[in-house]
1. Could you please find all residues in region 44-71 being without any contact (Cβ under 8 Å) to a residue 40 or more places away in the chain and among the hydroxyl-bearing types (Ser, Thr, Tyr)?
2. Only one of (1) within 19 Å of residue 205 (Cβ to Cβ); (2) in contact with a strand residue (DSSP E or B) (Cβ under 9 Å, 6 or more places away or on another chain); (3) of a type in the set (A, V, I, L, M, F, W, C); (4) modelled with pLDDT of 95 or more fails for residue 40. Which number is that?
3. With respect to residue 315, determine if the residue is aromatic (Phe, Trp, Tyr), in contact (Cβ under 8 Å) with a residue 12 or more places away in the chain and more than 30 Å from residue 86 (Cβ to Cβ).
4. Of the residues in region 240-266, how many are more than 18 Å from residue 178 (Cβ to Cβ) and touching an Asp or Glu at 6+ places or on another chain (Cβ under 8 Å)?
5. Would a scan of region 96-115 turn up a residue that is modelled with pLDDT under 95 and touching a strand residue (DSSP E or B) at 6+ places or on another chain (Cβ under 9 Å)?
6. Looking at region 153-175, I want the residues that are without any contact (Cβ under 8 Å) to a residue 12 or more places away in the chain and farther than 28 Å from residue 62 by Cβ and have a partner that is surrounded by 14 or more Cβ atoms within 10 Å (Cβ to Cβ) and among the acidic types (Asp, Glu) with Cβ atoms under 7 Å, at least 6 apart or on another chain. Which pairs are those?
7. Would you pick out the residues in region 43-68 that are in a helix (DSSP H, G or I) and surrounded by 15 or more Cβ atoms within 10 Å (Cβ to Cβ)?
Amino acid sequence: MMKWLEERYDLSDLKEFAKKKHVPAHKHELWYYTGGVALFLIAFQFVTGMILALYYVPYFEQAHKSIIEIVTKLNMGWFFRSVHHWGAQLAIGFLFAHLFATLLLKAYRKPRELLWFSGFILMGISIFFGLSGYFLLWDERAFAAVRVATGGLSAIPLIGDTIKAFLRGGIDVTGETLVRFYAFHVCVLPMATLLLLVIHLALVQHHGMSVPISQQGKESRPTPFFPNALYKDAIIWLIVLGIVVTLATLLPPEIGIKADPLAPPPENVKPEWYFLFLFQTLKLFPGDILGLNGEVIAVMLVVLAMGFCFLIPFFDRKSHAGQRSSVFTLIGTLYLAYFIVMTIVGYFS
């Protein structure tokens with residue numbers, strides 16, 4: 001095959017690139033592989049999602065029934081639906097791990113600011129992927145969660161109501177919302193993801209992998225990417241695939257009762273785990289704080305915290321200069337601790 005290609009195309013530049021590409025070797029190098037696992041799971045989601053899209057009916061009167069038919073009547077339909085569910089859970093989990101590793105290891109520092117921005121936006125898109133896919137079940141739990149998630153946007157001053165109406169396709173969550181979320185899930189978000197992934201991976205190739213400030217000068221001999229690091233990636237991907245298949249087989253996700261827009265939300269309804277820290281944050285604030293709406297204050301604090309995290313490369317001047325920045329290490333640790341603690345509290349509350 002290689003001989004056939006070489007007779008027709010000049011592969012010398014590609015071979016030279018493969019020889020020169022190396023992965024820094026130090027005690028934190030394991031975190032490099034979280035990005036590769038996230039990329040593998042995103043590709044896995046594209047494949048399983050396309051299979052499910054062949055049989056799903058994005059109409060509110062048929063959506064719930066089509067999911068049941070996929071699971072009960074389609075050959076191996078239950079398996080593909082289950083692996084798609086667990087693949088999404090693990091993909092978002094590894095994206096969070098990659099994000100927090102980048103934050104704590106200061107991999108966002110100059111000249112990799114655009115890498116941080118593109119990765120941060122990819123994280124947001126992935127969460128919206130989860131929310132939109134969750135809603136396609138059209139069961140009462142998903143319906144209530146989307147109503148709460150989109151309703152909270154109205155607390156954002158000036159633009160909140162416009163964003164809420166745009167996502168819902170109207171004033172309330174209806175069948176129009178389902179069609180709109182389906183369009184987001186199978187068209188808009190995949191296109192945005194592919195575009196950002198190309199940009200993100202191109203920037204990784206351009207800048208190379210960041211070495212933590214604490215490990216500079218302590219690195220071992222760099223590991224060739226082809227074939228050494230690639231083999232390690234493949235081993236980890238195979239293990240993760242085994243975990244997804246095992247979870248999908250032993251713990252297939254439930255299908256709730258069909259949503260009724262006129263019915264009250266079920267008791268103790270909770271969003272998916274990656275929304276629990278936001279859900280629990282809103283619960284901490286009373287309805288009224290010194291005459292102001294508590295929900296508005298909570299949403300604004302969350303928006304400010306996310307905005308600060310997004311712009312953190314501009315604030316961390318010490319890391320830009322190649323110096324240790326204990327203050328921003330503490331800030332990153334607080335972000336991670338808050339996310340973990342509030343997720344656990346939200347899960348068990």
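The values are calculated or read from the model by the stated rules, or taken from the named source; none is laboratory data. Keep in mind the model is a prediction, meaning the values are calculated, not measured. Methodologically, a virtual Cβ is constructed for each residue, glycine included, from the backbone with ideal geometry; neighbour enumeration extends over all protein chains shown.
1. Within region 44-71, 48, 55, 66 meet the criteria.
2. Against the list (1) within 19 Å of residue 205 (Cβ to Cβ); (2) in contact with a strand residue (DSSP E or B) (Cβ under 9 Å, 6 or more places away or on another chain); (3) of a type in the set (A, V, I, L, M, F, W, C); (4) modelled with pLDDT of 95 or more, residue 40 comes up short only on (2).
3. On the way: aromatic (Phe, Trp, Tyr): yes; in contact (Cβ under 8 Å) with a residue 12 or more places away in the chain: yes; more than 30 Å from residue 86 (Cβ to Cβ): yes.
Spelling it out, residue 315 is indeed aromatic (Phe, Trp, Tyr), in contact (Cβ under 8 Å) with a residue 12 or more places away in the chain and more than 30 Å from residue 86 (Cβ to Cβ).
4. Qualifying residue count for the region: 1.
5. Within region 96-115, not a single residue is modelled with pLDDT under 95 and touching a strand residue (DSSP E or B) at 6+ places or on another chain (Cβ under 9 Å).
6. Here the result reads 154/161, each pair linking region 153-175 to a residue that is surrounded by 14 or more Cβ atoms within 10 Å (Cβ to Cβ) and among the acidic types (Asp, Glu).
7. Here is the first cut: in region 43-68, the residues in a helix (DSSP H, G or I) are 43-53, 63-68.
Result: 44, 45, 48, 49, 51, 52, 63, 64, 66, 67.
Here is a yes/no grid of residues against (1) of a type in the set (A, V, I, L, M, F, W, C); (2) over 21 Å from the mean Cα position of the chain (by Cα):
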position: 249; (1), (2): no, yes
position: 253; (1), (2): no, no
position: 269; (1), (2): yes, yes
position: 280; (1), (2): no, no
position: 293; (1), (2): no, yes
position: 303; (1), (2): yes, no
position: 325; (1), (2): no, yes
position: 328; (1), (2): yes, yes
